[in-house]
Amino acid sequence: MTAPQADAVACRLRDARRVAVLGGAGLSAGSGIPTFRGGGDSLWSRFDPMRLATPEAWQADPALVWAWYRWRMALVAAAVPNAGHRAIAALAAHVALRVVTQNVDDLHERAGSRDVVHVHGRLGALRCADCSELHAAALAPLVPADVPERLPPERCTRCGGAVRPGVVWFGEALADEAWDAAVAAMACDVLLVVGTSGQVQPAASLARIAASRGAWVVEINPERGGLSGDADLHWPVPADEALPAVVDALGGA
Ligand code: OAD
């Protein structure tokens, strides 16, 4: 028997011309990637974002910042997409779907989703901090155990500058291209808000943009958060449970 929420979402999806997902760290939690907020091993309860995720932190101690991001890259490399990522990829067979994520991992792509908009960048999109030259990730493998204390950043083959992760740090603007694509995706009939606390702007404003354009918004998250007020339906279950149920209700992949 499917959950009534799965049937309700599937019913909306059947009538939708355009569908979007706005995802966050909770989507990758089922793959063992820690979320940023919340208890347990959440990143911002263990680490100080001001020392690790700002341009000032990079200026002050690039080896400290690089070590932390190399550790996060190792966590992602060791992880595999979960049933939530796979269900989102499968949904694209049923509906015209755009995926907008705040996540910097590549688990949607590895699950088979195409054209994923990463509003906060991607861990693997390495670039020179000085000349912005892009770098292919040919990094020595790192075991995702403890965070190494310091690792000197790789050097840019073009100008010799330090290579940084391609993520958006606190205090930095989002890339125009990604933001424009995300806003365009919010012109949808149904928005699935999955696994985000809705604490970080401007990404969190995307749900309201979709709602103001008439989208029906469902929030899939065990907890209520900053975007619950924008949702027509709050479905309090993990993403890797809810999303496969929606695909089942639609008639399978
Ligand atoms: P958060 O860590 O703020 O929130 C994660 C959300 O996922 C919470 O609301 C949890 O209740 C929910 N959650 C946990 N497990 C879940 C599961 N299995 N299924 C569904 N939901 C689950 O992560 P984000 O909202 O993505 O920014 O954080 C936004 C931004 O803050 C990140 O992109 C990052 C961070 O600072 C940058 O790095 C720029």
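Net charge near residue 187, counting Lys/Arg +1 and Asp/Glu -1 over other residues with Cβ under 13 Å of its Cβ?
Charge balance in the 13 Å sphere: +2.
Using only Cα atoms and rounding to the nearest 10 degrees, what angle (0 to 90) does helix 4-15 make with the longest principal axis of the chain?
The helix 4-15 is inclined about 90 degrees to the chain.
In a shell of Cβ-Cβ distance under 14 Å around residue 13, excluding residue 13 itself, what net charge do Lys and Arg (+1) and Asp and Glu (-1) give?
Spelling it out: positives minus negatives among the neighbours equals 0.
Can you list, largest first and rounded to whole Å, the semi-axes you get for region 50-106 by taking the square root of 5 times each eigenvalue of its Cα gyration tensor?
They are 33, 14, 6 Å, listed from largest to smallest.
Once the other residues with Cβ under 12 Å from the Cβ of residue 134 are scored (Lys, Arg +1; Asp, Glu -1), what is the net sum?
Combined, the nearby Lys, Arg, Asp and Glu give +3.
So what does the Cα-only Debye profile of region 185-253 read at q = 0.21 Å⁻¹, as log10 I(q)/I(0), no solvent term?
Evaluating at q = 0.21 Å⁻¹ gives log10 I(q)/I(0) of -0.86.
Sticking to Cα atoms, compute the Rg of region 122-253 to one decimal and its Dmax as the biggest Cα-Cα distance, whole number, in Å.
For region 122-253, the Cα radius of gyration and maximum Cα-Cα distance read 19.3, 54 Å.
Multiply the residue separation of residue 150 and residue 77 by 0.36 nm, subtract the distance between their alpha-carbon atoms, and state the gained length in nm to one decimal.
Length gained between residue 150 and residue 77: 24.3 nm.
Give the order of 164, 158 when sorted by the count of other beta carbons within 10 angstrom, beginning with the fewest.
Final ranking by Cβ density, sparse to dense: 158, 164.
With N residues in region 1-64, what two-decimal value do you get for its Cα radius of gyration over 2.2 N^0.38 Å?
Working it through for region 1-64, the quotient is 1.76.
With N set to the number of residues, divide the alpha-carbon radius of gyration of region 21-131 by 2.2 N^0.38 Å and report two decimals.
So the Cα radius of gyration is 1.14 times the expected 2.2 N^0.38 Å.
When DSSP assigns beta bridges and you keep just the ones with both residues in region 134-250, what percent turn out antiparallel, to the nearest 5?
Here the antiparallel bridges make up roughly 10 percent for region 134-250.
Within the P(r) computed for the chain, what percentage of the Cα pairs occupies the region above 30 Å?
Every Cα pair in the chain considered, those over 30 Å come to 27 percent.
May I ask for the angle, rounded to the nearest 10°, between helix 62-78 and the longest principal axis of the chain, with both axes built from Cα atoms and the value confined to 0 to 90°?
Long axis of 62-78 versus the principal axis of the chain: about 40 degrees.
In what order do 230, 180 fall by count of nearby beta-carbon atoms within 10 Å, going from fewest to most?
Result, fewest neighbours first: 180, 230.
Every number here is computed from the coordinates shown, using simple stated rules; none is lab data. Nothing here was measured: the structure is a model prediction, and the numbers come from that model. Cβ atoms come from the backbone with ideal geometry, glycine included; neighbour counts cover every protein chain shown.
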